[in-house]
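Taking it in order: structure first as structure tokens, then the write-up.
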Amino acid sequence: MLVHDAVSVQTLDGARFPADQDLRPVFTTVADNIRALSKAPRRGYTGPVLFEPRAAAQLMAQMMNDSLKVQRRPVSEPGRNANVVPSEWESRMNARVLPDSWTSLTTHPEHV
């Protein structure tokens with residue numbers, strides 16, 4: 001698992017930049033925090049994740065893009081197999097692909 005922490009020290013004048021002895025405790029704190037994060041137990045999250053509408057559309061497009069493409073099967077000699085990776089959706093024509101808990105607005109007109 002990747003862990004991140006950072007500190008930002010900014011100035012427009014290089015002469016006013018903090019001295020090394022002033023920055024050492026700041027960097028030590030960041031390093032100590034990273035060590036603590038790396039030793040913390042991992043916790044998985046299985047709950048819902050909410051996205052803004054624009055982000056949700058982009059996420060769905062990226063996840064489903066390759067699966068929804070229709071690929072032409074290569075022509076091969078009879079009896080010889082052609083290496084083709086079928087779409088995940090190919091065997092689900094006219095079948096439900098989302099869990100039963102997902103419903104469309106057309107099934108619940110009161111939400112429209």
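The values are calculated or read from the model by the stated rules, or taken from the named source; none is laboratory data. Note that the coordinates shown come from a computational prediction; the quantities given were computed from them, not determined experimentally. Positions of Cβ are backbone-derived with ideal geometry, glycine not excepted, and every protein chain shown enters the neighbour counts.
Laid out as a table, the results:
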| item | result |
| --- | --- |
| Given (1) of a type in the set (Val, Ile, Thr); (2) outside any helix (DSSP H, G or I); (3) out of contact with any Leu (no Cβ under 8 Å at 6 or more places or on another chain), number of the condition residue 34 does not satisfy | (2) |
| Pair list, Cβ < 9 Å and 6+ apart or interchain, from the range 22-44 residues that are among the small types (Gly, Ala, Ser) to residues that are loosely packed, with under 10 Cβ neighbours inside 10 Å and not in a helix (DSSP H, G or I) | 38/1 |
| Among the candidates 56, 15, 19, 6, residue that is surrounded by 10 or more Cβ atoms within 10 Å (Cβ to Cβ) and either at pLDDT 80 or above or under 20 Å from residue 98 (Cα atoms) (or both) | 56 |
